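Down below is the structure, laid out as structure tokens.
Where a number appears in this text, it was derived from the coordinates with a stated rule and is not lab data. This one's a predicted model, so the numbers in the text were calculated from it and none came from an experiment. Using ideal geometry, Cβ is built from the backbone for each residue, glycine included, and neighbour counts are taken over all protein chains shown.
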Amino acid sequence: MKIGILLLNKGRGSGGVAREHAEYLISQGHEVYFMHPQVGDGVQGAHNIDIQLHSPILPVHEYLPSAKGNQKAVSSMTYEEATAYLPDYEQALESIIEEADLIIGHHANLSGVATANVCRRHNKPYVLFLHGTGIEPRHHGLYQDEVWQLIEEAVMQANGIIVTTEYVRDELVRNLIDLPLQRFHIQPCGVNTTEFHPDNTAGIVEKYNLPEQYVICPGALTKLKGPQNVVEASKQYADLAPTIFIGDGDIREELEAQIEDRGRFLGFVSMEDKAKLINAATLLVAAPEKK
């Protein structure tokens with residue numbers, strides 16, 4: 001099959017899932033077109049297509065302060081701002097849609113809308129791979145209603161929906177969009193045992209000047225992800241081990257002020273370092289949003 005994979009941007013967690021998905025499809029003999037802005041080297045063996053945006057502002061799921069104003073969350077855009085990006089993504093899809101057998105759009109976002117628009121025009125099937133970061137903002141009143149209506153229609157009309165967990169399916173998607181269970185395929189994320197194994201820690205403690213014991217909390221530093229709860233909980237165990245955060249987000253400065261001497265924030269690290277930091281940690285923690 002000839003399969004197109006469209007992302008809103010390069011991404012990190014969900015972007016990694018998309019790249020691994022593309023690599024697997026290629027290994028099974030499929031021809032893959034891999035598309036997002038700033039695609040760079042993309043995926044080895046794929047046709048990598050760089051989406052040219054009309055604006056220097058990159059649409060994202062979560063705004064990161066480190067972007068210095070060069071990004072904007074679609075969930076905070078006006079209808080006019082958001083829809084102005086659709087022709088950029090649709091043009092990339094149009095370049096391959098005639099030969100494609102299937103399009104996989106990642107996220108309940110503009111990438112999903114563009115996928116739906118082009119596939120409907122050409123009567124081609126499409127699947128949406130939905131991740132938490134794209135849909136969570138709507139649970140908190142974000143996305144202008146007109147923008148969300150476009151996203152919801154794209155999700156409802158998809159030939160299938162891929163999610164990684166029952167939680168994403170039931171709590172994030174079906175709580176907002178009434179879809180039957182048979183429309184979903186749960187594809188759990190696997191573990192890269194080459195990177196994630198106890199012996200893969202060489203030099204990491206020294207590189208980041210870490211103690212022998214530490215707690216690690218990876219993920220976006222946004223209230224939706226709940227790192228504020230880990231900061232609060234650290235008061236209960238700080239005498240045993242500090243908490244090390246990897247990732248970035250719009251509440252980093254606030255959290256850094258609150259953590260005091262109970263932990264540190266490393267920001268974004270390479271995927272190689274991330275694996276080693278997790279392997280070397282005494283405990284891996286995550287927290288849901290506080291209700």
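Report the relative contact order of the stretch 2-186, percent, no decimals, based on alpha-carbon pairs under 8 angstrom and at least 6 residues apart.
Values: 329 pairs, mean separation 35.1, N = 185.
Computed value for the stretch 2-186: 19 percent relative contact order.
Mind jotting down the distance between the C-alpha centroids of the stretch 3-80 and the stretch 123-150, whole Å? Rounded to whole Å, the Cα centres lie 16 Å apart.
Let me know the longest stretch in the chain that avoids all GluC sites (Glu not before Pro) found in a DSSP loop with at most 10 other C-beta atoms within 10 Å. Don't skip to the answer; put the middle values down first.
Numbers: sites that count: 98, 99, 212.
Longest gap between qualifying sites, sites excluded: 100-211.
Taking only the Cα atoms of the stretch 204-284, the ratio Rg/Rh comes out at 0.93, with Rh defined as the Kirkwood radius.
Beta bridges assigned by DSSP with both partners in the chain are antiparallel in approximately 0 percent of cases.
Taking only the alpha carbons of the stretch 30-90, we obtain Rg and Dmax values of 13.2, 39 Å in that order. Ranked by how many other Cβ atoms sit within 10 Å of their own Cβ, fewest first, the residues 30, 185 fall in the order 185, 30. Using all pairs of distinct alpha-carbon atoms, the Kirkwood hydrodynamic radius of the chain works out to 20.2 angstrom. Projecting label points 7 angstrom from Cα along Cα→Cβ for residue 98 and residue 57 puts them 3.5 nm apart. Placing one equal scatterer on every Cα of the stretch 143-287 and applying the Debye formula, the log10 ratio I(q)/I(0) at q = 0.10 Å⁻¹ is -0.48. Projected label points at residue 250 and residue 79, each 7 Å from Cα along the beta carbon direction, are separated by 2.2 nanometres.
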